[in-house]
1. Where in the chain lies the longest segment free of GluC sites (Glu not before Pro) that are both loop residues by DSSP (not H, G, I, E, B) and have at most 16 other Cβ atoms within 10 Å?
2. Along the charge dipole of region 75-165, Cβ charges K/R +1 and D/E -1, which of L88, A135, H148 sits furthest on the positive end?
3. Using only alpha carbon pairs under 8 Å that are at least six residues apart, calculate the relative contact order of the chain and give it in whole percent.
4. For n ≥ 4 DSSP H runs only, could you compute -39500 (n - 2.57) per run for the chain, divide by its residues and tell me the 222 nm figure to the nearest 500?
5. Nothing charged except the Cβ atoms of Lys and Arg (+1) and of Asp and Glu (-1): what's the magnitude of the dipole of region 114-245 about its Cα centre? Round to the nearest 20 debye.
6. Could you work out the relative contact order of region 41-141? I mean the mean sequence separation of Cα pairs under 8 Å and 6+ apart, divided by the number of residues, in percent.
7. What residues have an amide H closer than 5 Å to that of A92, excluding those fewer than 5 places away on the same chain, when H is modeled at 1.01 Å from N in the peptide plane?
8. Beta carbons within 10 angstrom, averaged per residue: use that to sort the peptides 203-216, 176-189, highest first.
Amino acid sequence: MPPLDLTRFIAAEITARRDLTADLWTFRVRPAEPLRFIPGQYVALGLPAAGRMLERPYSICSAPHEPELEFFVELVPDGVLTPLLYALRPGAPIYLRRAAKGRFVFDRESRNPNHLMIASVTGVAPYVSIVRDLARQPAAPPRILILHSASTPVELGFSEELEASARRFPWLDYVRTVSRPWLFPDWSGERGRVEDIVRKYADTAGFDPRSTTVYACGHPQMIRNIQAVMERAAFPRNNLREEMFWPPGHPLAA
């Protein structure tokens, strides 16, 4: 078997890890070389195994100015890579593809004044990167409304950071919603799936079809539901951007 070609990868080291649940965690890596990317893009993470590199793409949570890259990952028990990633602790080596990819980035071309960002669980990752980057810009960006959904509150990774950013910046609003609120009597956030509340918050904010870019990231079924809701509300198809974390036929998409 030929030796593994590492010239296509950047070596990195895991520097921090935070476990949210038994199958959700965030971690940071410090690459040996800078990785250029646009907020909202993803990069392939890899680990060598049996003479080859096992790779999967993950959205980047951090902003381009940060020296470390941050990721929000869900464990797929029978997955190719996530069980190996899950076993890693700070100090462990990991590899990154040299080029970040993806077109799920902030819409600057349309000049729409409103941006509606919808996420399920780890789908919030690209929005975290976008908000961190926009917070450093000298000019105030257009209005952003992030709707973030999960089954339980603990799955809403980065919610404290986004809530703090929403309090700090008048251009940002952040709404959390859970689909199993009866399990948490103290829950004070929104209730229901994100596709059930999206029209309510879009209408209240004045995010109409002619002036709004809609982003949907995460579970394929959620994205399909959002597509249907936006279509019924007369949002143009070219104003909707999507990023599915699993292909429709994947077991997690069922």
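Bear in mind these aren't lab numbers, they're just calculated from the coordinates by the rules spelled out. From a predicted model like this one, the values you see are computed outputs, not experimental measurements. Please note: Cβ atoms are built from the backbone with ideal geometry, for glycine as well, and neighbour counts cover all protein chains shown.
1. 110-254
2. So the residue we want is A135.
3. Once normalised by length, the contact order is 17 percent.
4. Value at 222 nm, helices only, nearest 500: -6000 deg cm²/dmol.
5. My answer is approximately 240 debye.
6. On the way: 116 pairs, mean separation 34.1, N = 101.
This gives 34 percent for region 41-141.
7. Amide H neighbours of A92, under 5 Å, 5+ apart: I14.
8. Top of the packing list down: 203-216, 176-189.
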